[in-house]
Each structure stands twice: as structure tokens, then as C-alpha cells.
Amino acid sequence: MNTVLKPPLFDAAAYLAWEETQSEKHEYIAGEVFAMAGARREHVVVSGNTFAALKQALRGGPCQAYIADMKLRVEQADAFYYPDVMVSYSAADHRAEQYLSEPTLIVEVLSDAAAFDRGNKFAAYRTLATLQEYVVIDIPARRVECYRRTPENDWLLHDYVGDESCAFTSLGVAVPMAELFENVAVTEEPDAG
């Protein structure tokens, strides 16, 4: 997320109509519209790798993977977001034209808005009754954080760092970590000495 555009304040219907006429993407939160910044190459590569791996693993089944150009409506938060990757079992989502509203899994690849992805955005996502897993991918740390909804409606974190693969349990899918981070160079830590 980047810069808030002021004025005007929109309601959800006005935002959707306005957004269709824009050449760039904008997220919407409670009447405010935020221009989306362009993503870095590594962000695009990891998002694409994740989408491709999930799409391939889910091929022929009842759920479908979606990439960053599909909006997500979070009605209880009065918000529309553009997650990097979503997966939904919902027949209504599979017929949707403008946005999804019933994802099972959401993936965000961290960027400059890392605190927002882990904070307010995750709080909004947790209001989605269908959401079973929220995944945050930290490229520099080569870490995948999988937050999973428990039967008690708590969220349990499973951290994948240095693991061979990452399990997306809500989908019954495991993806090799090397596949998620394919074509992204490992950056060296500077010497402390």
C-alpha cells in the first residue's frame, strides 16, 4: 500500500465504479483510496512462483488460485485489497467478475508495507469466515509464515525457515521452498567486522 488519495471519500459501490476506470490499482479502506505502488522484481517473481505452484497443485480440483490483479472484498472491514495470491473453494468466487469474498488461503509477499500486512490487513482478513490460512512470505529472510485458523478460531503460526518445503494445510499442498524462491538471488549479509 502506498499513498492515500484525498478527497473524495468513496463508498464501496462508488469505489468499484471508479476503480474500473483507473489504469493503476487502488485499495479501499473505509472510504479512503490508496494507490498501489509498483512491486520490485523479487516480489513479482515470488508471487508468480507461489501462484504457479498452487495452480499446478490444485489443477482439476474444486479450488482455484488467483493472482494479484483480483480484488478481495472484506465486508466487515469495509475494505477491498489486492492480495498477492488467493485460493478459493467458493463457487460464488469462481463466478465473480470484480472481486472475491470467500478465500480459503491468502498469500502476501512482504514489501515496504510489512507492518500493515502483519497488522491491520491481517486483522481485516481474520474477519473472513472462510479464511483458513494466511501466508506471509519474507524474501530477505527466506521465511514463510503460515497462520492457520484453529477449530477454536485462534490463529496458530507455523514458521518455515530453512525447511525443505512449506505446507499449505488448508489445501493439502506442500511446495518446496526452493520453488517459492526460485530465480531470487540470496543476498549476503554485510560483515560486522
Requested in this report: Would you mind telling me which numbered condition in (1) in contact (Cβ under 8 Å) with a residue 12 or more places away in the chain; (2) within 21 Å of Phe181 (Cα to Cα) Arg73 fails?
Outcome: (2)
Query raised in the report: Name the residues in the range 35-62 that are in a loop (DSSP other than H, G, I, E, B), over 15 Å from the mean Cα position of the chain (by Cα) and within 17 Å of Val184 (Cβ to Cβ), would you?
Result: Arg40
Report summary line: Restricting attention to the range 154-175, the residues that are out of contact with any strand residue (DSSP E or B) (no Cβ under 7 Å at 6 or more places or on another chain), at pLDDT 95 or above and exposed (fewer than 13 other Cβ atoms within 10 Å of the Cβ) number exactly 2
Requested in this report: Give Leu72, Leu9 a once-over and let me know the one that is outside any helix (DSSP H, G or I) and touching a Gly at 6+ places or on another chain (Cβ under 9 Å).
Outcome: Leu9
Report summary line: Taking first residues from the range 21-45 that are closer than 15 Å to Ser111 by Cα and second residues anywhere that are part of a strand (DSSP E or B) and at pLDDT 90 or above, the pairs with Cβ under 6 Å that are 6 or more apart or on different chains are Ala35/His26; His43/Val109
Report summary line: When (1) within 17 Å of the chain's Cα centre (by Cα); (2) surrounded by fewer than 20 Cβ atoms within 10 Å (Cβ to Cβ); (3) among the charged types (D, E, K, R) are applied to Arg95, the one that fails is (1)
Query raised in the report: Going by the conditions given, is Val136 closer than 24 Å to Asp93 by Cα and either among the acidic types (Asp, Glu) or in contact with a strand residue (DSSP E or B) (Cβ under 8 Å, 6 or more places away or on another chain) (or both)?
Result: yes
Query - Which listed residue, of Gln56, Gln132, Gln64, is in contact with a helix residue (DSSP H, G or I) (Cβ under 9 Å, 6 or more places away or on another chain) and at negative phi - result: Gln64
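The values are calculated or read from the model by the stated rules, or taken from the named source; none is laboratory data. Note that the structure is a prediction, hence the values are computed from the model and not measured. Positions of Cβ are backbone-derived with ideal geometry, glycine not excepted, and every protein chain shown enters the neighbour counts.
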